[in-house]
Amino acid sequence: MDIISPELGIVFWTILLVLVLVLPLIALINILMNRFNGNDKLIWVLIVLLLPFFGSITYFVIGRSNRIK
């Protein structure tokens, strides 16, 4: 007997795929629309492109506070 139904597995993988694709896109748009000191913008773009999921989460946790207001 399966603990997780196939439908639940499909929903899980769909949500995971959306997060992996959409989260970096939102982070990149946010980075490109804001101003940063020096080369910070380039560094954040590279981090998000090279480590899409973890880079995006890192940007939203740490990087947003480094923007020029």
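The values are calculated or read from the model by the stated rules, or taken from the named source; none is laboratory data. Worth saying up front: this structure is predicted, and the values here are computed from it rather than measured. When we count neighbours, we look across all protein chains shown, and the Cβ atoms used for this are built from the backbone with ideal geometry, even at glycine. To get the accessible areas, we keep the full protein, side chains included, count just its heavy atoms, and leave off ligands, DNA and RNA. Shrake-Rupley method; radii C 1.70, N 1.55, O 1.52, S 1.80 Å.
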Order of exposure, largest accessible area first, which applies to Arg64, Arg35 with probe 1.4 Å: Arg35, Arg64
Accessible surface of the chain [probe 1.4 Å, protein heavy atoms]: carbon and sulfur percent: 75 percent
Crossing angle, helix 52-61 versus the chain [Cα axis fit, 0-90 degrees, rounded to tens]: 60 degrees
Whole-number accessible area per residue in Å² for the chain, which is evaluated in the context of all protein chains at 1.4 Å: 78 Å²
Distance (nanometres) between label positions extended 7 Å along Cα→Cβ at Val20 and Leu46: 2.5 nm
The chain, dipole about Cα centre (Lys/Arg Cβ +1, Asp/Glu Cβ -1), debye to the nearest 20: 580 debye
Radius of gyration and maximum dimension Dmax of the chain, Cα, Å: 15.9, 57
Relative contact order, percent, the chain [alpha-carbon distance under 8 Å, six or more residues apart]: 34 percent
